[in-house]
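One structure is given below, encoded as structure tokens.
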Amino acid sequence: MDGAALEREFKALIEADSRIEPRDWMPDEYRKTLVRQISQHAHSEIIGMQPEGNWITRAPSLRRKAILMAKVQDEAGHGLYLYCAAETLGVERAELIDLLNAGKQKYSSIFNYPTLTWADVGAIGWLVDGAAITNQIPLTRCSYGPYARAMVRVCKEESFHQRQGFELLYALSRGTPEQHAMAQDAVDRWWWPSVMMFGPPDGESVHTEQSMAWRIKRFSNDELRQRFVDMTVPQAEMLGLTLPDPQIRWNEDRGHYDFGECDWDELRRVIAGDGPCNRQRLAHHVQAHEEGAWVREAAAAHARKHAATASAAA
Amino acid sequence: MLRLADDCFVLSHRLAEWSSRAPTLEEDVALTNIALDLLGQARRLYEHAARLDGTGRSEDEYVFMRDERDFVNCLLVEQENGDFATTIVRELLFSTYQLGLCGALRESADATLAAVAAKAHTEVTYHVSHARQWTVRLGDGTAESHIRTQTALDALWPYTHELFESDDVTPSLVADGVAAAPAALMPEWSASIGTVLAEATLERPETTWAPSGGRRGLHTERFGYMLAEMQHLHRAHPGARW
């Protein structure tokens, strides 16, 4: 089949809302876009282990400690599925990790904020995972099959994470005055960065239009942001916590909540590398990777010896 | 009971310190899995201990409100993670002991303890297999991994003597069919470790130093730092619920 025919077939699959599978022909730009998006997503899961992992050794009850350990472990698992999904596009996990460590691929800028108190664990679960789910549910219908299927499982687990965050904050908000203040402070710090997780406003988003045409993305940044705000405002009321945006109010005509403008300069600064923890997060990942090098080499050396012995015996 | 619970809890805490630091993602998941198994075992044992000692204490009171001198875990489990070889060797030495212990306790006259031991036995079987596979890979891997693993073995070996010690309370518990005689677990442990060391091309350390005291609340200096970090938040809010 010539190039034009392959392209027609690809477009027909997209139009029919079918899934593109690894063996199917796809345009180079489609492949590149997916590699960029899936690896960025995988890196976010892995870097995202750090801010919450920061509280594992200090969790204030055994029940909370077990939940937090399981949650951070889920994130490692999500990273694994996603690296596998990326590998179906002809890249290797090791090279993607090298690109991350070299600062050549990004991860979600939300993880460049610090977790300063125990309540931050709850705020990440409720707000950050809540925003992530809003982003990821449409991805279960993404045109690329392996990514869509990975998202089904990831979304199920993320929804547990979001509920545990809500429940953690609920306990704090109804606890002692000090616990309530801790919860409010965490929400004050995590609200705006979470609203900005959907990326720049539609007019400034460079990738949205093409990604929507390819049905990788189903909704624009601003549509998803609105959906998140609409979902979260009533939950904040249930929690008895205040979202730090005086402009939030129900708009009867639109059938949505109005809300204030994000500080887009801050988002740009954090994405460019100047958030509170960019350097720390990457340095931690690089250090763990380098300290583990001799272990990976030993495992490979042992496997080679074992294979040599097995073939000599045969 | 508290000894078993503290062993499981303290090792779980140490393993959880690996989160986001392991050499591969698969190992990050595996080490946390083992830590979660041990934490689950500890929680069931604390619950049982509270009934037996009649205090009705919660699991959190045992973990967050006792001081260093009240913890009765063995010294081996509180040793710091060190490099990956140290963590794996600690896992091998302890989990092999724990597997024999759980095997014996499945027959305990204390029905609750027997049930906890039976469930733990299945979990610990996996921990032993994980530790054995890695000990062989590292021991018989590269020159560097061999040296690191032998060094870890030499450093941790002295702490294994304490696992098989008896004290004043042990004989009566053994006589009542509740506990297992520690010394009786030694031959099988030694044989099992022997086979894996041979496969891993590692030398069994020769040492006369046999540090002890964990069962009497005499711990290593680093243990206090572990408790300080772990307990501070819980203690900073007396009576709060989380």
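Any idea which residue in the range B:1-58 is nearest to residue B:230 (Cα to Cα), counting only those that are of a type in the set (S, T, N, Q) and assigned to a helix (DSSP H, G or I)?
By that ranking, first place goes to B:12.
Considering only the range B:15-27, how many residues are under 19 Å from the mean Cα position of the chain (by Cα) and either aromatic (Phe, Trp, Tyr) or facing chain A (nearest Cβ under 7 Å) (or both)? Spell out how you get there, then give the answer.
First, the residues of the range B:15-27 that are under 19 Å from the mean Cα position of the chain (by Cα): B:15-19, B:27.
Filter once more, so that each one left must be either aromatic (Phe, Trp, Tyr) or facing chain A (nearest Cβ under 7 Å) (or both): B:16-19.
Summing the residues that are under 19 Å from the mean Cα position of the chain (by Cα) and either aromatic (Phe, Trp, Tyr) or facing chain A (nearest Cβ under 7 Å) (or both) in the range B:15-27 gives 4.
Give the range B:179-188 a look and list any residue that's at pLDDT below 95 and surrounded by 15 or more Cβ atoms within 10 Å (Cβ to Cβ), or say none.
Correct list: B:179, B:180, B:181, B:182.
Per-residue answers, yes or no, for (1) farther than 30 Å from residue A:58 by Cα; (2) part of a helix (DSSP H, G or I); (3) at pLDDT 95 or above:
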| site | (1), (2), (3) |
| --- | --- |
| B:141 | yes, no, yes |
| B:163 | no, yes, yes |
| B:166 | yes, no, no |
| B:177 | yes, no, no |
| B:190 | yes, yes, yes |
| B:195 | yes, yes, yes |
| B:226 | no, yes, yes |
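Consider only pairs whose beta carbons are under 8 Å apart and that are at least six residues apart or on different chains; among these, list those whose first residue lies in the range A:301-313 and is within 9 Å of chain B (Cβ to nearest Cβ) and whose second residue is surrounded by 13 or more Cβ atoms within 10 Å (Cβ to Cβ) and not in a helix (DSSP H, G or I).
A:301/B:141; A:301/B:142; A:302/B:140; A:302/B:141; A:305/B:140
Just to be sure I understand the filter: pairs with C-beta atoms under 7 Å, separated by 6 or more residues or on different chains, first member in the range A:29-40 and closer than 11 Å to residue A:214 by Cβ, second member open to solvent by less than 20 Å² (accessible area, probe 1.4 Å). Which pairs pass?
Note: pairs meeting the criteria are A:31/A:89; A:33/A:211; A:33/A:216; A:34/A:89; A:34/A:144; A:34/A:147; A:34/A:216; A:37/A:216.
Scan the range A:60-73 residue by residue and report those that are within 9 Å of chain B (Cβ to nearest Cβ) and either under 26 Å from residue A:23 (Cβ atoms) or in contact (Cβ under 8 Å) with a residue 60 or more places away in the chain (or both).
Listed by number, the list holds a single entry, A:64.
Suppose we filter B:165, B:229, B:199, B:221 for residues that are under 23 Å from residue B:12 (Cβ atoms), within 14 Å of another protein chain (Cβ to nearest Cβ) and of a type in the set (Asp, Glu); which single one remains?
B:229
Quick one: which helices (runs of 4 or more DSSP H) sit completely within the range A:131-241 and have at least 3 residues that are open to solvent by less than 50 Å² (accessible area, probe 1.4 Å) and more than 27 Å from residue A:261 (Cβ to Cβ)?
Numbers: elements: A:145-173, A:177-195, A:208-213, A:221-239.
Answer list for the range A:131-241: A:145-173.
Could you please find all residues in the range B:154-178 being open to solvent by 30 Å² or more (accessible area, probe 1.4 Å), free of Cβ contacts under 8 Å to residues at least 40 places away in the same chain and not hydrophobic (A, V, I, L, M, F, W, C)?
B:166, B:168, B:171, B:172
Given B:126, B:97, which one is closer than 18 Å to residue B:8 by Cα and buried (at least 24 other Cβ atoms within 10 Å of the Cβ)?
On the way: B:126 fails: buried (at least 24 other Cβ atoms within 10 Å of the Cβ).
Only one candidate passes the filter, namely B:97.
Conditions (1) of a type in the set (Asp, Glu); (2) within 13 Å of residue B:42 (Cα to Cα); (3) under 14 Å from the mean Cα position of the chain (by Cα); (4) in a helix (DSSP H, G or I), marked per residue:
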{"residue": "B:76", "(1), (2), (3), (4)": "no, no, yes, yes"}
{"residue": "B:81", "(1), (2), (3), (4)": "no, no, yes, no"}
{"residue": "B:92", "(1), (2), (3), (4)": "no, no, yes, yes"}
{"residue": "B:99", "(1), (2), (3), (4)": "no, no, yes, yes"}
{"residue": "B:104", "(1), (2), (3), (4)": "no, no, no, yes"}
{"residue": "B:108", "(1), (2), (3), (4)": "no, no, no, no"}
{"residue": "B:113", "(1), (2), (3), (4)": "no, yes, no, yes"}
{"residue": "B:118", "(1), (2), (3), (4)": "no, no, no, yes"}
{"residue": "B:121", "(1), (2), (3), (4)": "no, no, yes, yes"}
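Search the range B:66-85 for residues being within 12 Å of another protein chain (Cβ to nearest Cβ) and either among the polar types (S, T, N, Q) or open to solvent by 10 Å² or more (accessible area, probe 1.4 Å) (or both), and hand back the single one that is nearest to residue B:228 (Cα to Cα).
Per the criteria, the residue is B:81.
Does residue B:37 satisfy being in contact (Cβ under 8 Å) with a residue 24 or more places away in the chain, under 13 Å from the mean Cα position of the chain (by Cα), open to solvent by 20 Å² or more (accessible area, probe 1.4 Å) and within 11 Å of chain A (Cβ to nearest Cβ)?
In short, yes.
The values are calculated or read from the model by the stated rules, or taken from the named source; none is laboratory data. Model, not experiment: these values are computed from the prediction. A quick note on method: Cβ atoms are made from the backbone with ideal geometry, for glycine too, and the neighbour counts reach across all protein chains shown. Just so you know, the surface numbers come from the protein's heavy atoms only, side chains and all, with ligands and any DNA or RNA stripped out. Shrake-Rupley method; radii C 1.70, N 1.55, O 1.52, S 1.80 Å.
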